[in-house]
Amino acid sequence: MKALFLRDLSLSFRAGGGFGLGLAFFLLVAVLVPLGVGADVAVLARIAPGVLWVGALLSCLLTLDRMFALDREDGTLDLLATSPLPMEGVVAVKAMAHWVATGLALTLVSPVLGVLLNLAPAGQGWLVLSLLLGTPALSVIGAFGAALTVGLKRGGLLLGLLVLPMYVPTLIFGAEVVRRGAAGLEVATPLAMLAGITAGAVALLPFAAAAAIRANLR
Amino acid sequence: MMPDLGKYAVAVLGSYAVAILLIGGLVVLSLWQGARARAALRAAEARVVEARAERANG
Amino acid sequence: MSIWEYANPRKFMQTSAAVLPWLVALTVVCLGLGLVWGFFLTPDEALQGASVKIIYVHVPAAMMAINAWVMMLVASLIWLIRRHHVSALAARAAAPVGLIFTMVALVTGALWGQPIWGTWWVWDPRLTSFLILCLFYLGYIALWQAIEDPDTAADLTAVLCMVGSVFAVLSRYAANFWSEGQHQGASLSLDRKENVADVFWQPLVISMVGFGLLFVTLVLVRTRTEIRARRLAALLARERMG
């Protein structure tokens, strides 16, 4: 399992891998939104939580179709399916590698982008915490979507259509945590919901994704 | 005959119109798809019968 | 006579052929009665005036939009557990019907809201949830179309339906929560559970029954088409192999 994790991770960090692309996209969103919306500081501060969360969502989405498709193409996925490793474990490990290269990276970089979007200083800590808690859900939900579309040649758009609606609860609660935290309000409810969704997704979706991969490999 | 809808005329008539259009469209589409499938299946099954008859005679 | 007999495609085709004419007649009667009564023979409501007449299409459509997804979920489970092809095809058949009902609910909801709130769209939690449901339907339909092998497609869409159901429910709660954080807490007072006076309730119930019958009729028609299409594909594949 560790070997699989390290292999996926190193693949992401290589040129053309997901790591740089995801981060660059995240930065792009943080730059494009003020350009489109105007530099009114008050407006930016108000929309910053949502923009940062949507940017994180889209960045995670970008790198998803590589998760299984490359392995499917060169036959590695069949090898993994017949190995003693359970497919659920394979999915979990790949999702975790995706998270480290994408979600975790985004989380660490987010305070800088928060500054760009004039996020209230009180919100910075909540931004990092919410992304830290929420991005694993994004990776594992994304893994499920990638498993569904692994056999498709141009599955990218369909992957987005399938995955983005499932991102909605995490998005809503994550952005709410940052918004309320920035305003100094109480964040317990959205924070608990956010953590709960991630916990549930991480625990259950690998099974659904494994079933999907097995169906696709048949 | 037509009730006085007042200022809600657009909303009410529009709603019924959209509902009828969308649902009616779906009904027409479903019937058309059904007819097409029925015809194509009938043709394919006829070809099977023909092929069998040929093999029996030839 | 077990209901599982109808899992056999031939039995399903025979039975549905016999039942369909009656269903169609009943559907037309209920829909006609409910909508004509509601539109022409009910008074205006105190606060919402004549716009309350929209209730006779909006509420039944919204109800069936949800029920259609539940039916797809049950059919998907039956496919995964008992591998009855008719079940998988019925789920596929129901999806466009559910999608249309969702769209009707959305548009009529927006049209109803416009004169009351003054804007064409409001991020009311209920409307928002229906917008998300619309996306789930689109994804489900798209996945069926994208996968070539029919059994694989049935498996994948069944799993998607199950996972999607969980997230759809989650989204409903999230949308409620999210709307609390918005400035305008405008929520539609279209709740059926609210005291709807009898004079409105009776045609509404008939309308709801009519929409339900419409759903069953359309799903039967579309499932028959799916079964025929499947048989056609099998015959064509055999032809190709010579």
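Values quoted throughout were computed directly from the atomic coordinates according to the rules given, and no laboratory measurement underlies them. As the structure is a prediction and not an experimental result, all values here were calculated from the model. We place every Cβ from the backbone using ideal geometry, glycine too, and count neighbours over all the protein chains shown.
For the stretch A:105-208, the set of trypsin sites (Lys or Arg not before Pro) satisfying both a DSSP loop assignment and a count of at most 15 other C-beta atoms within 10 Å is given as A:K153, A:R154.
For chain A, the longest principal axis of the alpha carbon atoms and the long axis of helix A:188-217 meet at an angle near 20°. Extending 7 Å from Cα along the Cβ direction at C:M241 and again at A:A3 yields two label points whose distance is 3.9 nm. For chain C, the alpha-carbon coordinates run over 70, 41, 32 Å along the three principal axes, in decreasing order. Per-residue mean of foreign Cβ neighbours for A:185-191 is 1 (Cβ atoms of other chains, 10 Å radius).
Adding -39500 (n - 2.57) for every DSSP H run of four residues or longer, then dividing by how many residues the protein assembly as shown holds, sets the calculated 222 nm ellipticity at -28500 deg cm²/dmol.
Size descriptors for the protein assembly as shown: radius of gyration and Dmax over Cα atoms are 25.9, 89 Å. The angle between the Cα long axis of helix B:9-57 and the longest principal axis of the Cα atoms of chain B comes to about 0 degrees, rounded to the nearest 10.
Taking the stretch C:214-242 and a reference point 7 angstrom along Cα→Cβ of B:A43, the backbone N atoms nearer than 18 Å belong to C:225-226, C:228-241.
Computed over chain B, the quotient of the alpha carbon radius of gyration and 2.2 N^0.38 Å is 2.34. Shape index of the stretch A:128-191: Rg/Rh, with Rg the Cα radius of gyration and Rh the Kirkwood radius from the inverse mean 1/r over Cα pairs, equals 1.13. Let me check against my output: what whole-number percent is the relative contact order of chain C, with C-alpha pairs under 8 Å and at least 6 apart? The value is 33 percent. Peptide C:42-48 shows a mean partner chain C-beta count of 1 within 10 Å per residue C-beta.
Rounded to the nearest 10 degrees, the angle from helix A:156-182 to the longest Cα principal axis of chain A is 40 degrees.
Projected onto its three principal axes, the C-alpha set of chain A covers 55, 34, 29 Å, listed from the longest axis down. Using the average count of surrounding beta-carbon atoms within 10 Å as a protection proxy, the listed peptides A:102-112, C:151-161 rank, highest first, as C:151-161, A:102-112.
Which residues in the stretch A:79-117 have a backbone N closer than 14 Å to a point placed 7 Å from the Cα of A:F13 along the Cα-to-Cβ line? Backbone N within reach: A:97-98, A:100-102, A:105. Across peptide C:214-224, the average count of Cβ atoms from other chains found within 10 Å of a residue's Cβ is 3. For the stretch A:78-162, the Kirkwood estimate of hydrodynamic radius, built from reciprocal distances between every pair of different alpha carbons, is 14.7 Å. Using every pair of alpha-carbon atoms in the stretch C:125-164, split the distances into 5 Å bins beginning at 0 and state the percent of pairs per bin, rounded to integers. Percent of pairs per bin, in order: 6, 25, 26, 18, 12, 7, 4, 1.
Evaluated at q = 0.13, 0.14, 0.21, 0.23 Å⁻¹, a Debye calculation over the C-alpha positions of the stretch C:69-109 (equal weights, vacuum) places log10 I(q)/I(0) at -0.31, -0.35, -0.60, -0.67.
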